[in-house]
Amino acid sequence: MAITLNDIVARLGGELSGDGSQLIHAIAPLEGAGPGTAAFLSNPKYRKQLAATAASVVILSPEVVADCPVATIATPQPYLYFARLSQWLNPPARPAPGVHELARVESPVPDSVSVGPGAWVGPNVVLGENVVVGANCTIGAGVALGADTVLHPNVSIYAGCCLGQRVLVHSGAVIGADGFGFARESDGCWVKIPQVGRVLIGDDVEIGANTTIDRGALGDTVIEEGVKLDNQIQVGHNVRIGAHAALAGCVGIAGSARIGRRCTIGGGAIILGHLEITDDAHVSAGTLVAKSISNKGSYTGTVPFMAHDDWLRNFSRLRHLDAMADKIRALENRIAELEKKS
Amino acid sequence: MAITLNDIVARLGGELSGDGSQLIHAIAPLEGAGPGTAAFLSNPKYRKQLAATAASVVILSPEVVADCPVATIATPQPYLYFARLSQWLNPPARPAPGVHELARVESPVPDSVSVGPGAWVGPNVVLGENVVVGANCTIGAGVALGADTVLHPNVSIYAGCCLGQRVLVHSGAVIGADGFGFARESDGCWVKIPQVGRVLIGDDVEIGANTTIDRGALGDTVIEEGVKLDNQIQVGHNVRIGAHAALAGCVGIAGSARIGRRCTIGGGAIILGHLEITDDAHVSAGTLVAKSISNKGSYTGTVPFMAHDDWLRNFSRLRHLDAMADKIRALENRIAELEKKS
Amino acid sequence: MAITLNDIVARLGGELSGDGSQLIHAIAPLEGAGPGTAAFLSNPKYRKQLAATAASVVILSPEVVADCPVATIATPQPYLYFARLSQWLNPPARPAPGVHELARVESPVPDSVSVGPGAWVGPNVVLGENVVVGANCTIGAGVALGADTVLHPNVSIYAGCCLGQRVLVHSGAVIGADGFGFARESDGCWVKIPQVGRVLIGDDVEIGANTTIDRGALGDTVIEEGVKLDNQIQVGHNVRIGAHAALAGCVGIAGSARIGRRCTIGGGAIILGHLEITDDAHVSAGTLVAKSISNKGSYTGTVPFMAHDDWLRNFSRLRHLDAMADKIRALENRIAELEKKS
C-alpha cells in the first residue's frame, strides 16, 4: 500500500508543508526512516533529531515545522495522528472466512466468520459478522461475541460470557474461569462457592496475552467499553473496570474491586478487593492499593532501589521506625526542659 | 432445579423459621434477591439490610433471626451453609462421556471419561472414572488423573505428573514444565540441569487459570490435598504446599520453599526459595517473604501508597534512613552532655 | 542407560578416585542416593553429609575428597559437572518425526521435524532440522524456527517472529502478541498503534511456561543468545535482553527497556520502560527498577516483612518520614543554640 501526502491530509487533517504528491508506504522511527516513510516527533524538546532524518515526511506540532528539513504535516497531537496513519498503512491481517475442517463448531456461524483449525465452538454460541476465532480457541456454551471481534489462537472463553464488538483478545487469555471463592470449615477445609455469574466485556476492549478475567460469583464481572488490558493481568470475580481505563502488564485485581473510568494502572500494581478507585485516578507501577481512592490524581507506593549494601544499611532501619519516632519525641522533651532552664 | 426449605434443612441442617414448603431455585445476593431465591447474611453488623430483602429465605446466624421479615434458616456458619446450598443448586455442567473424534488418545480410557475435541492424551496415561479432559488439553506420557478430576480446556500436563481425585484445573494451567535450574560456566553461559522430578497433586485441589507448577529437579514438587490455588500463580521446582493452604492470584514461589498446612497467602506475594513457612501462617497480599516463618500468625511487609507528591517527599527519605538514625544518636549524646552541665 | 565412572571422566574430565568400572544410571541428591547413582556436593561447608551417602560416586571439589567414603570425581566446579553428567544420563524425550494427521501444516517441513496433533503451522514458515512442534501449538505466517528448537504443547507464536537454534519453549508461552501501545484522544479514548515489529530470539534461549514476549511497535523485541527466562515473565515491546541473562519467574519488563548481558533478575521484579541496565548487574527478587543502572553489582529495593502488628506500628511512620526529618533538623538547631549559650 502507498498513499500520497495529499491523500493523508485529505483524510486525517493537519497542515501539509512540502510536495503533496510524495508516496508513503510505511511508518518508521525518526532515526531509521528512509524515503517513502513517515516519521513523527511528539515531544518538541527532541527537535534537534529532525535535522538528520531521511523520512519523506514528519508528523509534528506546528512550532517545530521550521526545524524540519523534509516535508511536514503539522497537527496539535502528532502521536495521535501517527496512530491513525499507522492504522491506515497497517490494516490487520485477516484469515479467510469459513470454518476450518479441523474445527468443531456446534452453533450456526455467519458466512463472514472465520474459525481456525483446532478451534471448538460450543452449543448456543452467537457470533457476530466478521468474527475471527483463531486456531485452537475454545468457546463454551452460550457465549456471545459481537461483530468484528477477533480472538487470536489459543484463547479460552468459558460458558455464558459476552464480548462486545471489535474486541481484540490475544493468545492464552482465559475469560470466565471460576472466581476464587471458598467458605472454610472449622477443620480448615475449603468448600467451593459455585461461581454462577458471567464476564461481560464492552465494545472496543483489548485483552492481552495470558490475561485472565474471572466470572462473577453471583453477579457479573464487567469490563466496560474501550478498556485496554495488557498481558498477564488477573481480574478477580465481580470486578468492574470503567470505560477507557488502561492497565499495564502483570496487574492483579482482587474480587469486587471497582476501577473508575479512564484510570491508568501501572505494571505490576496490586489492587485489593472490595475497594473503589474513582474516575481518572492514576496508580503507579508496582503500587499496592489497599484502600479506596476517592479523588482523582496520581498515587504511588513504591520504594527506591539501591546498591545492595546501601539497601541493607538503610532498610534494616524500617524495623525500628517506630522506635526512631519515639526517640525524637523524647529528645524534644529533654530539649524543652533544657531550654526552660537556660 | 427447585427444592423446598424443608428439603434443605433435612439435608444441610439449620433451624428453619417460616413456611417450609416454599420452593427455592437459586441463590442471590440480599439486595438483588427475589421470590424463589435464597440469600444469606454472614456478618451480623449488616443486619439492617435484612428489612428490604425480597428473598424467600435468608440464611443467617441465630442472633439476627428476629430482624428478618421473611423465612430464615439459622446456622452458626451462614457462609458455609450458603456454599453447600449453592453447590446443591448449581451442580457443575459435565460434558457427555466419550472420546471426541477430533481428540487423539493413545491410552485406554474408561467409558465414563470425557475427552474433548482437540485434546491429546499420550501413551501410558491412567485416567480414573468420570475424568473430564477439556477441549485442546494436552496430557503427556505416563500421567495419572484420579477419579472425577476435571481439566477445563487448554490445560497442559507434562509427562509423569500425578493428580489425585476431584482435582479441578482451569484453562491455561501448565503442570510439570521444567523448573528453572542451570549451572553457570566461567564465561557466563548457562548449562541446563535436567528436571527429572515430577509434580504430585493431592485430592480436592483446585488450580486456577494460567497457573504454572514446575516439576522437581531431582525430587518432586508436591501440592497436598485440599490446596486452593488461584489464577496466575507460579510454583517453582521442589516446592511443597501443605494441605488446605489457599493462595490468591499472582503469587510466586521460588524453588524448594515449603508452605505449611492451612496457610493463606495474599495476592501478588513473593515467597523466596529454600525457606519454610510453618502451619497456619498468613502472609498479606504484596508481601515479599525473604526468610522462614517459624510461628503461626499474620505477617506483612508492604508500604502505604500516597498521593504522588506526598510519596516523593516522604519516600525519598528512605535513602537516608541510616543517616537519620545516626543524627538521632548524635543528638542524644549532645543533649546528655548539656544535661550533665546544667 | 548406564555408564562407567571411567567413561564419565574420559568425556567430562575430573579426577577419579575409586573403582572406575562401576556403572552409573542416574543422578540423585546426596541424602537419597543409592547404588548406581551419582550425587554431588557443591558447597564444601556441607562436607559432613558425605559420611552417610550411599551413592556410588560423589562429584565434589578436591579439598573434600578425603571426607568421602565412596568413589569421588574431583572437579573445581562440581555443580557444573553435575549438570553435564545429568544431561548425559537424561537425554530429552523426543517425539517421533513426522506430521500428525490431526495437525494442519501449510508450509514445507523437513523429514526430521515432528509436528504434534492439533498443531497449526501457517504459510511461509521455515522450520530447521529436528524441530519439534508440540501438540496444539500455533505458528503464524512467516515464522522461522532454527534447527533443534523444541516447542512444548500449547505454545503460540505470532506471524513473523524468528527463533534461533536449540531454543526451548514451554507450554502456554506466547511470542509476538501486540505490544501495549495506544495514543489517547482528548475524550480519553485510546487509539491503537499497530505493532509492526517482530520478536527475534537467539540461539540456546529457554522460555518458561506462560511467559509472554511482545512484538516490537516499529523496531523489534530482541532476546539475545543464551538468555534463560523462567515462567510467567512479561517482556514488553522493543525490549532487548542481553546474551546469557537469566530472569526468574514473574518478572515484568516494560517497553523499550534494555537489560545487559549476563544480568540476573530475581523473581517478581518489575523493570520500568525506556531505561537501561548495564551488563553484569543483579537485581534482587521483588525489586522495582525505576531508573537506569550504570554500574555492575547487586541492587535491591524491598521492605522487610514483620508480624502484622509490628508492621502496623512501624510502617505507618512511612507517611511521616519527611516530618521526622524536619523534626531532627529543628532539634539540631535548638541544641546548637543551647550549646552556644552553655
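In this structure, B:S186 does satisfy being open to solvent by 10 Å² or more (accessible area, probe 1.4 Å) and polar (S, T, N, Q).
Take the stretch A:238-264 and flag every residue that is facing another protein chain (nearest Cβ under 7 Å) and on the phi > 0 side of the Ramachandran plot. Listed by number, the residues that qualify are A:H244, A:C250, A:R262.
Taking the criterion of being crowded, with 17+ Cβ neighbours inside 10 Å and at positive phi, the only residue of the stretch C:283-317 that qualifies is C:G286. Across the stretch C:149-164, the qualifying residues are those that are outside any loop (DSSP other than H, G, I, E, B) and farther than 17 Å from C:D204 by Cα, and the one among them that is nearest to the other protein chains (Cβ to nearest Cβ) is C:S156.
Which ones in the stretch B:231-282 are in contact with a Leu (Cβ under 6 Å, 6 or more places away or on another chain) and open to solvent by 10 Å² or more (accessible area, probe 1.4 Å)?
Selection gives B:A254, B:I270.
For the residues C:R319, C:R334, the requirement of being of a type in the set (K, R), closer than 19 Å to A:T300 by Cα and at pLDDT below 95 singles out C:R319.
For beta carbons closer than 8 Å, sequence separation of 6+ or different chains, a first residue in the stretch C:213-230 that is without any contact (Cβ under 8 Å) to a residue 24 or more places away in the chain and a second that is basic (K, R), the qualifying pairs are C:D220/C:R198; C:V222/C:R240.
None of A:H320, A:H274, A:H282 is over 30 Å from A:A217 (Cβ atoms) and either without any contact (Cβ under 8 Å) to a residue 40 or more places away in the chain or not hydrophobic (A, V, I, L, M, F, W, C) (or both) except A:H320.
Restricting the stretch B:165-183 to residues that are away from chain A (no Cβ under 11 Å) and open to solvent by 10 Å² or more (accessible area, probe 1.4 Å) leaves a set whose member that is nearest to B:E129 (Cα to Cα) is B:Q165.
Can you name every one of the strands (runs of 3 or more DSSP E) wholly within the stretch B:32-136 that holds 1 or more residues which are away from chain A (no Cβ under 14 Å) and over 28 Å from the mean Cα position of the chain (by Cα)?
Result: B:57-60, B:71-74.
So, C:V109, is that one open to solvent by 10 Å² or more (accessible area, probe 1.4 Å), of a type in the set (V, I, T), on the phi < 0 side of the Ramachandran plot and free of Cβ contacts under 8 Å to residues at least 60 places away in the same chain or not? When the stated conditions are applied, C:V109 passes them.
The values are calculated or read from the model by the stated rules, or taken from the named source; none is laboratory data. All values derive from a computational prediction rather than experimental measurement. Note that we place each Cβ from the backbone using ideal geometry, even for glycine, and neighbour counts take in every protein chain shown. Just the protein is used for accessible areas: all its heavy atoms, side chains included, with ligands, DNA and RNA removed. Shrake-Rupley method; radii C 1.70, N 1.55, O 1.52, S 1.80 Å.
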